[in-house]
Amino acid sequence: MAVRRLIPLAVACALAAATGTPAQARGTDEPYCATHKCIALTFDDGPGPYVQTLLKTLSEYKAKATFFVIGSEVKKHPKLTQLIAKSGHEIGNHSWDASYLTSLKYAEINKKIGDTQRLIQKTTGKAPKLFRAPGGLRNGGVEEITAKLGLIQVPGTTATKDYIKDYRHVDFLTNRALDVAGEGEVVLMHETVKETVESMPEVLQMLTAEGYSFVTVSTLLEGQELTPGQVYPDQPGVETTTAVD
């Protein structure tokens with residue numbers, strides 16, 4: 001890992017303000033990430049109690065992220081879900097609850113993913129394009145149902161492992177995020193972990209200094225032919241064992 005030096009906040013914010021926008025917004029067909037050093041930060045299990053703080057931090061750095069939300073939480077917090085969307089971030093389907101889909105019957109999988117898809121669309125006015133299975137656990141049923149719903153699967157390429165209780169310290173998670181960061185990576189984190197949210201200002205500051213553009217997963221995948229039901233990016237996924245809170 002390259003040595004990362006802390007830079008003054010004012011400098012970091014100035015660099016963040018220079019962050020570009022996706023190809024469509026620039027009036028060109030060239031994928032944004034073909035010419036920029038992109039990374040996709042993703043946050044699972046919300047919308048949760050720290051999401052407004054996280055959204056404020058992301059806004060300060062002109063950073064866009066992808067939120068894989070839980071259907072039962074969307075039902076409880078429709079306004080927070082709408083706030084995520086209105087802030088310009090991408091919303092993905094993370095099933096109805098934390099149940100591992102591989103332990104369920106086909107009809108149950110179909111209901112959990114389908115109910116979440118319909119509720120997100122009703123709440124935000126836009127149907128998700130992305131799906132992440134709880135724990136990253138997938139099978140043929142998940143593939144078939146996500147294909148039917150037009151969803152591509154995004155387990156992520158790396159993770160801070162903030163789902164492990166012993167890792168939930170701000171300094172540790174800051175260093176983890178910086179360690180796993182890389183061009184083209186999809187970083188799995190949880191917006192429901194307070195220490196992750198508290199680590200984001202320093203993470204964004206330091207990665208901004210290294211020239212990263214913080215983009216949604218869909219922006220990262222621009223220019224690729226995507227097949228619903230299949231897994232993207234085409235890299236080894238993150239570990240799928242998720243600790244219980």
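The values are calculated or read from the model by the stated rules, or taken from the named source; none is laboratory data. Source: prediction; values computed, not measured. Glycine also receives a Cβ, built like all others from the backbone with ideal geometry; neighbour counts cover every protein chain displayed. Protein only, heavy atoms only, side chains kept; ligands, DNA and RNA dropped before computing areas. Shrake-Rupley method; radii C 1.70, N 1.55, O 1.52, S 1.80 Å.
Some observations on this one:
- Hits in segment 82-98 - residues which are buried (at least 16 other Cβ atoms within 10 Å of the Cβ), closer than 15 Å to S72 by Cβ and small (G, A, S): S95
- Filtered by the rule that a residue be within 17 Å of G184 (Cβ to Cβ), open to solvent by less than 40 Å² (accessible area, probe 1.4 Å) and aliphatic (A, V, I, L, M), segment 204-234 gives L207, V215, V217, L220, L221.
- Scanning segment 89-123 for residues that are among the β-branched types (V, I, T) and either within 18 Å of the chain's Cα centre (by Cα) or in a strand (DSSP E or B) (or both) yields I91, I113, T116, I120.
Quick grid of which residues meet (1) at pLDDT below 95; (2) touching a Gly at 6+ places or on another chain (Cβ under 9 Å):
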residue	(1), (2)
V180	no, no
D234	yes, no
G237	yes, yes
A243	yes, no
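- Candidates in segment 129-146 are the residues that are in a loop (DSSP other than H, G, I, E, B) and under 20 Å from the mean Cα position of the chain (by Cα); of these, the one that is farthest from Y100 (Cα to Cα) is K129.
- When the residues of segment 33-61 are filtered to those that are charged (D, E, K, R) and out of contact with any strand residue (DSSP E or B) (no Cβ under 6 Å at 6 or more places or on another chain), the one that is nearest to D97 (Cα to Cα) is K56.
- Restricting attention to segment 197-225, the residues being in a helix (DSSP H, G or I) and either of a type outside the set (S, T, N, Q) or free of Cβ contacts under 8 Å to residues at least 60 places away in the same chain (or both) number 13.
- Residues in segment 179-200 that are buried (at least 17 other Cβ atoms within 10 Å of the Cβ), within 23 Å of Q52 (Cα to Cα) and not aliphatic (A, V, I, L, M): H190, E191, T192, E195, T196, E198, S199.
- The set of residues in segment 19-47 that are modelled with pLDDT under 95 and surrounded by 11 or more Cβ atoms within 10 Å (Cβ to Cβ) comprises T19, G20, T21, P22, A23, Q24, R26, T28, E30.
- Restricting segment 48-81 to residues that are over 15 Å from V197 (Cβ atoms) and of a type in the set (D, E, K, R), the residue that is surrounded by the fewest Cβ atoms within 10 Å (Cβ to Cβ) is K79.
- Segment 144-163 residues that are at positive phi, paired with ones that are in a loop (DSSP other than H, G, I, E, B) (beta carbon under 7 Å, 6 or more apart): G150/P228; G156/G237; G156/V238
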